[in-house]
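Accompanying notes for the structure given below.
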Amino acid sequence: MKVTSRPFGILNLLIIIILASCSSEEFNPRSDNRLLLGTVCVLSLDRSEPVELFEKAFEIIAGEERLMSLQIEDSDLSEVNRAAGESYAKVSPDTMEVLQAAKAYASMSGGAFDPTIAPLVGLWGIVTGNAVSPPDPAEIEAVRKLTDYRKVLINEEDHSVFLTDKGMKVDLGGIAKGYVGDKVKEFLLSEGVERAIINLGGNIVVLGSKPGGVPWKIGIQNPFDNRGRHIGLVSVVDSTVVTSGIYERFFEYEGKRYHHILDPWTGYPVENELASVSVIAEKSMDADALSTSLFVLGIDEGMKLIEEIEGAEAIFVTKEKEVVLSSGAGNYFELKDSDFSIISWR
Ligand code: ADP
Ligand code: MG
């Protein structure tokens, strides 16, 4: 989970919410937001729901952030990172669950998704918003060697974690927002809430449907337009939509864009045909880890992976403004922008 000095895309998030809520079917929500998890977290609930739910939900998010943020000195992750190469560090059950899932996704994606990418992320400085130019290639090469998820050892019995090499660090920025979204949904369900939209920096989790069983419509951001425009809509009930893209966090240097999703094999921002990839799934943690994984893998490999996973679909958007859908994604996605076209991939 990352914290940045720049809250990205507040406008985008509001537009997604407005979009999700305007339709002839009545959903007249009350929304509230907080800057948490290094982004804007917006919760929308029916006006009939008690207002205390907002505070309780934001407290759940803040609690998870205290465990998994790299910016908080005594978070579980900071303790694990500090003990790298030396000893096991105890973590909470939540942190352990996310680390285990992160390792599973690392293995499933053949290392494209790697939670030990943190030293590279730190070197690039893209997430902090301070980066102005790429790091020295020799430094990238040196730091790249610290990324290897197989060196994260988890002792399930006593809930402790060991990074085998000094200098190694874990970063759950590619998966934790999804986990937290699921947690908030669980909480709202336990409170008897029937419908809600949880938007954690663009990671959308919807609970139930609009009144009358009408699906929510979630906008898929136009990756070339940072004004919150969307290229199409995804209609979903009790589901989650998570996007990874080149437009979230980046800097430009000598006319080239350097964004925040890194290729663990090169140590540089991923460079392939993709501008963004959105994943629809039941669990937001899966969608989050998968969107990052597919983005790194590219369409050929990414399509293979998503087709193997039951209950998850992907919408790939290329730099050429083509939209490529996994086999079931057409059931949810509707293209709305004529600058883009849906194509079948090879
Ligand atoms: P966002 O968090 O902006 O919505 P992602 O879910 O795709 O987007 O996560 C990107 C974040 O994940 C980065 O900011 C970084 O902290 C981390 N990250 C970058 N590259 C990788 C990677 N190859 N594997 C796992 N995590 C990554
Ligand atoms: Mg992700």
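FYI, it's all coordinate maths here, none of it is from the lab. Here the structure is a predicted model, which means the values were calculated and not measured. Here Cβ is always computed from backbone atoms with ideal geometry, including for glycine, and neighbour counts include all displayed protein chains.
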Yeah, the chain with a ≥ b ≥ c from its alpha-carbon gyration tensor (a/c under 1.5 is rounded, else prolate when a/b outruns b/c, oblate otherwise) is oblate
Expected unfolding gain across S107-E79 under the 0.36 nm per residue rule, minus the alpha-carbon gap, is 7.7 nm
Note down the magnitude of the dipole of the chain about its Cα centre, charges +1 on Lys and Arg C-beta and -1 on Asp and Glu C-beta and zero elsewhere, to the nearest 20 debye. 700
Least to most buried among W124, W216, W265, by other C-beta atoms within 10 Å and fewest first, runs W265, W124, W216
Which of the three applies to segment 126-206, rounded, prolate or oblate, going by the alpha-carbon gyration tensor with a ≥ b ≥ c and a/c under 1.5 meaning rounded? oblate
So which helices of the chain fit the span-like rule, where a helix is a whole DSSP H run, its Cα atoms reach 15 Å or more along the axis, and its mean Kyte-Doolittle is at least -1.0? 10-21, 52-68, 93-108, 176-190, 284-308
Are there any GluC sites (Glu not before Pro) in segment 217-316 that are in a DSSP loop and have at most 11 other Cβ atoms within 10 Å? List them by number. E254, E310
Zone of R66's modelled label, taken as backbone nitrogen in segment 73-113 under 12 Å from a point 7 Å along Cα→Cβ: 74-76
For the chain, what does -39500 (n - 2.57) per DSSP helix run (n ≥ 4), summed and divided by total residues, give at 222 nm, in deg cm²/dmol to the nearest 500? -10000 deg cm²/dmol
Debye, to nearest 20: dipole size of segment 138-243, +1 on Lys, Arg Cβ, -1 on Asp, Glu Cβ: 500
Kirkwood Rh, Cα atoms: Rg over Rh of segment 191-294: 1.04
Which three extents, in whole angstrom, do the alpha-carbon atoms of segment 235-285 cover along their principal axes, largest first? 44, 22, 17
Quick check: the distance between the Cα centres of segment 267-346 and segment 79-102, to the nearest angstrom? 30
PRE reach from R227 (point 7 Å along Cα→Cβ): which of segment 293-330 fall under 20 Å by backbone N? 321
